[in-house]
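The structure under discussion appears below in the form of structure tokens.
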Amino acid sequence: MDLTRESAERIFALFQSRDIDAVLAVFAEDAIVFDPHYPVPEMRGKAAIRRGFAWAFGNMEKSVFAIRTFWPAAGGTGEAGNASARASAAGSGATAEGSPTSGASATCASGCAAMEVDTQHVFKGGMKIGFQQVFVIEARDGLVTRLQSYVPYPPPGIGGFLATCLALKGRLGVPASPPGAAGPQEGSPCHSRSGSSLPPSRTCVRGRA
């Protein structure tokens, strides 16, 4: 598959048609789909992908994917662009390791592309949501081998919780601790008169504790 904007739009059109067999027909048997919106974000192989898409189609009445910006492989799509990417990787000593999804390659055998997509979903019951996401698609021998969604949300787990807390701290105007700081400085609202920091159960906001 030579991944162009038009071929990517055809893939999204299949999703919008909600024909699961037609959608799966464009995926390789060993394809990997990663989408954080799904109950199991990483789906390996067509059987797992079918379960994921069946869940999505079963919960949504309508989906619309509109490509806002499209980035083909370095130097263009197809073998010419991939030859350029392979040459660049060879010159820099880069390898396929470190890709977000194990099994995905740093260079593409037949095509790869990234795209910024405006997404609209209508769930059963009428609830609507709209958001932007970035998709990375890789293909081999005319079939999609990797489809991965990147969304503008904090990461999950403790990392996402800490990122949210730091962002809230910034919005409140609380200055960041200087590098190497051991804790609250004397005289700050988060420092006790005895010189020790307040217990962790106390929450400190700028100007008061």
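The values are calculated or read from the model by the stated rules, or taken from the named source; none is laboratory data. Predicted model only: the values in this text are computed from it and were never measured. We place every Cβ from the backbone using ideal geometry, glycine too, and count neighbours over all the protein chains shown.
Residues of segment 11-41 that are of a type in the set (D, E, K, R), surrounded by fewer than 16 Cβ atoms within 10 Å (Cβ to Cβ) and either modelled with pLDDT under 95 or outside any helix (DSSP H, G or I) (or both): D19, E29, D30. A8 meets the conditions (1) surrounded by fewer than 17 Cβ atoms within 10 Å (Cβ to Cβ); (2) touching a strand residue (DSSP E or B) at 6+ places or on another chain (Cβ under 7 Å); (3) part of a helix (DSSP H, G or I); (4) of a type in the set (A, V, I, L, M, F, W, C) in every case but one. The failed one is (1). Checking the structure you have, find out if any residue of segment 86-100 is under 19 Å from the mean Cα position of the chain (by Cα) and at pLDDT 90 or above. No.
Please indicate, with yes or no, whether at least one residue in segment 61-73 is touching a Leu at 6+ places or on another chain (Cβ under 7 Å), within 22 Å of F131 (Cβ to Cβ) and modelled with pLDDT of 90 or more. Write out each step before concluding.
Step one: filter segment 61-73 for residues touching a Leu at 6+ places or on another chain (Cβ under 7 Å), giving 72.
Right, trim to within 22 Å of F131 (Cβ to Cβ) and you get none.
No, segment 61-73 contains no residue that is touching a Leu at 6+ places or on another chain (Cβ under 7 Å), within 22 Å of F131 (Cβ to Cβ) and modelled with pLDDT of 90 or more.
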